[in-house]
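Data first, discussion second: the structure below is written as structure tokens.
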Amino acid sequence: MSAINLDVRLDGFPNPIGNLSKDESGALAFVYAPVYLEDASAYPLSLSLPLTAAPYRDAQSRPFFDNLLQERDGALRQLMDREGLGRDDVAGILFHLGKDCAGALSVLPEGSPPVKVPGDYAMDYAKIESDRLNEIVRTLHRRERLPDGTADPSPLAGVQSKIAVTVLPDGSYAEPLPGSGAPTTHILKVPSQAHLQDPKLESEALSLSRLLAFETTDAAVVNFGGIDALVITRFDRALNPEGKIIRLHQEDFAQALGLPASLKYERNGKEGRRFDVSSFARILDATVDPAKEKRQFIAATLFDLMIGNVDAHAKNFALLYEAGGRVRVTPRYDLMPTRIDPDLTNELAYSIGKATTLEEINVENFGLFLNALGISSAAAQRRLRDSLTTSIARQLAAELKRMDRTGMKRFADLVANNIRILLPAFGLALPDGLDDRDAYIDRGGGWLMGS
């Protein structure tokens with residue numbers, strides 16, 4: 001295996017901020033550049049890689065950089081086959097794909113010029129004709145090869161088919177001109193033929209999140225040639241004072257914890273090396289307002305339980321890095337009522353105390369959950385649990401009839417079902433409007449909750 005040296009660049013800094021290397025044994029190492037460490041505006045690439053002059057060896061470097069690669073191995077297969085690379089050759093893959101890393105980061109052959117620069121709406125983009133855009137959506141929908149001249153969507157992480165685009169001020173879709181280095185502004189997520197309702201379900205979940213005052217990414221369902229897709233505004237983009245689009249550095253919680261993507265669910269890890277509530281608390285303690293972020297996390301957990309989202313794993317939470325190294329949790333994204341799909345597990349992405357499913361949650365387990373976040377007073381736990389649970393349940397219950405009218409009755413029945421399970425477990429009264437709702441029945445015919 002040949003050695004490789006790569007420059008690591010962050011959009012906004014003129015020089016490489018560090019070096020990623022692979023030795024002949026395949027081991028990775030990352031070290032910050034001295035000039036970057038001397039920069040007063042420098043901030044860590046990751047919570048798992050604090051600013052220091054000492055190099056980070058393979059065990060520390062690999063998880064962060066491996067998480068830059070998307071999770072659909074099929075999208076990497078052509079490159080790996082052509083270049084004779086293994087999936088564990090992170091540096092080798094980044095040598096070819098590192099210029100397209102999501103966010104403000106790029107990983108380039110040593111000595112390469114920067115490839116990511118601010119984007120000018122008027123100069124750096126070409127509109128995508130509607131026929132071609134419809135064809136792109138169709139091929140993503142059918143999981144076919146993209147049309148000639150279309151960039152591979154593989155730099156975007158995740159398991160769903162998606163591609164990055166730019167929405168111009170006039171609302172039209174565009175792509176960066178080749179070689180411009182300009183950012184995209186939106187992600188176009190296309191469902192498979194077996195999950196046609198996913199865009200509407202995710203859009204509704206995001207709308208409910210926004211309605212309940214969670215900071216939430218904007219998204220809209222758009223029809224492209226008869227296929228509904230979800231167009232999502234990127235939260236890691238902003239406009240600079242000159243009106244140009246810039247990238248903001250972000251990392252997901254797996255990267256922040258130094259965990260590979262394979263450990264994004266608590267059940268796949270082990271104590272001391274897993275995504276759990278204690279590790280979540282450590283991340284929140286590094287933000288600019290830990291108390292606020294912890295309260296929001298508790299509320300978000302209750303919200304997810306009620307809407308049936310059990311896929312809140314480590315890569316579905318992220319941090320944004322701001323000037324001066326300030327860190328905050330990003331807006332919520334990738335929200336889906338996964339319990340609707342009978343082929344998906346009902347096991348929670350992270351445990352609530354000892355509970356691994358909604359049905360196992362009780363006052364004791366929720367108390368353990370709050371303890372892990374540093375809230376140990378029984379009185380404080382009761383006040384927080386009861387006030388947040390009651391408030392979120394009432395607000396969701398008030399939306400159920402609207403959801404019925406807009407084609408989301410099955411989703412609404414799921415929400416009602418979950419409220420009926422959770423609130424009695426906490427000894428709380430059910431909100432009005434649930435008594436006359438149908439029972440939620442899974443597609444396999446099993447009853448989840450009696451009416």
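The values are calculated or read from the model by the stated rules, or taken from the named source; none is laboratory data. Bear in mind the structure is a predicted one, so any value in this text is a computation, not a measurement. Cβ coordinates were reconstructed from backbone atoms using ideal geometry, including for glycine residues, and neighbour counts include every protein chain displayed. Surface accessibility is based on the protein's heavy atoms, side chains included, excluding ligands, DNA and RNA. Shrake-Rupley method; radii C 1.70, N 1.55, O 1.52, S 1.80 Å.
Nearest 20 debye, what's the magnitude of the dipole of the stretch 275-400 about its Cα centre given +1 on Lys and Arg Cβ and -1 on Asp and Glu Cβ? List each step's numbers first, then the result.
Numbers: 14 positive and 16 negative charges, 121 e Å.
I would put it at about 580 debye.
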Only one of the listed values, (1) 66, 53, 44; (2) 79, 55, 35; (3) 72, 51, 48, was derived from the coordinates as Cα extents along the principal axes in Å; which label is it? (1)
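Using the Kirkwood radius over C-alpha pairs as Rh, can you work out the diffusion coefficient of the stretch 249-399 via Stokes-Einstein at 20 °C, viscosity 1.002 mPa s, in µm² per second?
Working: Rh = 16.0 Å.
The estimated diffusion coefficient comes to 134 µm²/s.
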How many angstrom separate the Cα center of the stretch 244-289 from the Cα center of the stretch 35-55? 18
Compute the acute angle (0 to 90°) between the alpha-carbon long axis of helix 378-397 and the principal axis of greatest extent of the alpha-carbon atoms of the chain; round to the nearest 10°. 90
Amide H contacts of Met408 (H built 1.01 Å from N, under 5 Å, at least 5 apart or other chain): none
Spatially proximal lysines relative to Lys22 (Cα-Cα < 18 Å; intrachain offsets below 8 disregarded): Lys99
With the dipole of the chain worked out from charges on the C-beta (+1 for Lys and Arg, -1 for Asp and Glu) around the Cα centre, which of Leu400, Phe275, Ala238 lies farthest toward the positive end? Leu400
Per the 1/(1 + (r/R0)^6) rule, R0 = 22 Å and r from the Cβ atoms of Ser262 and Asp23, FRET efficiency to 0.05 is 0.40
Dipole check, the chain, charges on Cβ (K,R +1; D,E -1), about Cα centroid: among Leu423, Pro176, Ala213 the Cα furthest to the positive pole belongs to Leu423
With θ set to phi - 60°, apply the Karplus curve 6.51 cos²θ - 1.76 cosθ + 1.60 along the stretch 334-347 and write out the HN-Hα couplings as whole Hz, x wherever there is a Gly or Pro. 6, 9, 8, x, 5, 5, 5, 8, x, 7, 9, 5, 9, 7
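How do His249, His96 stack up against each other in accessible area, from largest to smallest, with a 1.4 angstrom probe? Provide the component values of the computation, followed by the final result.
Values: His249 5, His96 65 Å².
Final ranking, largest accessible area leading: His96, His249.
Per residue, what accessible area does the chain have, given a 1.4 Å probe and all protein chains present, in Å²? Don't jump to the answer; show the numbers that get you there.
Numbers: 19590 Å² over 451 residues.
Accessible area per residue, the chain: 43 Å².
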For a quick check of understanding: with a 1.4 angstrom probe and all protein chains in place, what accessible area in square angstrom does Asp120 have, to the nearest ten? 40
Nearest-20 debye value, the chain charge dipole, Cβ charges on Lys, Arg, Asp, Glu: 760
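Report, in deg cm²/dmol and to the nearest 500, the calculated mean residue ellipticity at 222 nm for the chain, where each DSSP H run with n ≥ 4 adds -39500 (n - 2.57) and the sum is divided by the residue count.
Values: 13 runs with 144 residues, N = 451.
Helix-only estimate at 222 nm: -9500 deg cm²/dmol.
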Two pseudo-spin positions, 7 Å from Cα along C-beta at Ala291 and at Ala194, lie apart in nanometres by 4.8
Given the C-alpha centroids of the stretch 322-353 and the stretch 371-385, what is the distance between them in whole angstrom? 22
Please report the Cα spread of the stretch 25-113 along all three principal axes, rounded to whole Å, starting with the longest. 42, 27, 23
Counting only residues 5 or more places away or on other chains, whose amide H sits under 5 Å from the amide H of Arg237 once H atoms are built in the peptide plane? Leu248
